[in-house]
1. Say we look at region 55-76 and pick out the residues that are among the β-branched types (Val, Ile, Thr) and within 10 Å of the ligand (Cβ to nearest atom); which of these is nearest to SER6 (Cα to Cα)?
2. Out of the residues in region 49-76 that are among the aliphatic types (A, V, I, L, M) and surrounded by fewer than 14 Cβ atoms within 10 Å (Cβ to Cβ), which is farthest from SER116 (Cα to Cα)?
3. Yes or no: VAL81 in contact with a Gly (Cβ under 7 Å, 6 or more places away or on another chain) and hydrophobic (A, V, I, L, M, F, W, C)?
4. Can ASP49 be described as over 16 Å from the mean Cα position of the chain (by Cα), closer than 29 Å to GLU104 by Cβ and at pLDDT 95 or above?
5. Please enumerate the residues belonging to region 174-203 that are touching a helix residue (DSSP H, G or I) at 6+ places or on another chain (Cβ under 6 Å) and either within 14 Å of the ligand (Cβ to nearest atom) or among the basic types (Lys, Arg) (or both).
6. Confirm whether VAL270 is among the aliphatic types (A, V, I, L, M) and either closer than 16 Å to LEU185 by Cβ or free of Cβ contacts under 8 Å to residues at least 24 places away in the same chain (or both).
7. Please report, ordered by residue number, the helices (runs of 4 or more DSSP H) entirely within region 186-239 with at least 2 residues that are over 23 Å from the mean Cα position of the chain (by Cα).
Amino acid sequence: MELFSSIADWRNYASEVRASGRRVGLVPTMGALHEGHASLFEKAKSNGDVVLATIFLNPIQFSVKSDYEAYPRVAEADRAVALANGVDCLVEPTLEEMWPDYPEATPTKVTMKGVSDTLEGEGRPGHFNGVASVVAKLLTVTGPCRAYFGEKDFQQIAVIRQMVRDLAFDVEIVTCAIKRDAEGLALSSRNARLSPEDHTRAKCISQAIAAAQAEVECASELRHRMRTILRAAGAEIVYAEIVDNVTLRPADDSQAGDFRAIITAKIDGVRLLDNGPVTIKAKN
Ligand code: PAF
């Protein structure tokens, strides 16, 4: 596995891959790699891509500084996971090269509206502008590629798709299904902060998503089912919504078709995300 930290080496590597007639499969991460990331590496490999993973803990996507500081930094373990899962090239860009002005505000940013303002965007101001800005830089340095993202961060994918469309990045976005642990909890670096009891209690989130996957005739019934399950388990609901797959606008009761059930709930202060596809039946 190649290991780089400079933008020049990373850019050259990606150019050489393309010159050899192969495609770069970019897997952007912030580290603390788990099986969810491994499934992205695996998918890129199975598509025949040369897998280029990046680990960059992006400070400008954290609305709360203490969350950035508390984020796990486990570089050695991450390198071992990347190597064991067939990553061809691991890039650990430096903060100095990614955001030369940090901690001053970076003068050049991608700012978005609409899909970035709702759901996660409401409680985490500036979060998706930070995500869009860093992904724009990762895509710019990597050049034409496929880029892989996990569906646990469903809104993040919607934001990135919109940015890619609006700024015409030469990239094919590939998404991978959520990986879950034995109790059904969507894998996340935050799960490590749960006590064993809270981990079991957090099952209510995937149960609420599953309950919304029953075929019914209106979105409000699905919302009600999810919220009832979450409240019964004592979860603090940040949102539990049925939304349009692209715009993320809430579905209203006149609508039928394919939507997304999407939840963020706190279990003892730990913010957990989950989502899944739902179908609302047309009324007879
Ligand atoms: O999903 C993540 O890990 C991050 O938001 C990403 C896409 C790597 C950008 O920092």
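The values are calculated or read from the model by the stated rules, or taken from the named source; none is laboratory data. This is a predicted model, so every value here is computed, not measured. Please note: Cβ atoms are built from the backbone with ideal geometry, for glycine as well, and neighbour counts cover all protein chains shown.
1. Here the residue is ILE55.
2. Step by step, filter region 49-76, then rank; the result is ALA75.
3. no
4. no
5. If the condition is that a residue be touching a helix residue (DSSP H, G or I) at 6+ places or on another chain (Cβ under 6 Å) and either within 14 Å of the ligand (Cβ to nearest atom) or among the basic types (Lys, Arg) (or both), then THR175, CYS176, ILE178, LYS179, ALA186, LEU187 are the ones that fit.
6. Spelling it out, VAL270 is indeed among the aliphatic types (A, V, I, L, M) and either closer than 16 Å to LEU185 by Cβ or free of Cβ contacts under 8 Å to residues at least 24 places away in the same chain (or both).
7. On the way: elements: 196-201, 203-211, 219-232.
In region 186-239, 196-201, 219-232 are the helices (runs of 4 or more DSSP H) which contain 2 or more residues that are over 23 Å from the mean Cα position of the chain (by Cα).
Matching residues to (1) among the β-branched types (Val, Ile, Thr); (2) without any contact (Cβ under 8 Å) to a residue 60 or more places away in the chain; (3) exposed (fewer than 15 other Cβ atoms within 10 Å of the Cβ):
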{"residue": "ASP78", "(1), (2), (3)": "no, yes, no"}
{"residue": "LEU90", "(1), (2), (3)": "no, no, no"}
{"residue": "GLY126", "(1), (2), (3)": "no, no, no"}
{"residue": "VAL141", "(1), (2), (3)": "yes, no, no"}
{"residue": "PHE154", "(1), (2), (3)": "no, no, no"}
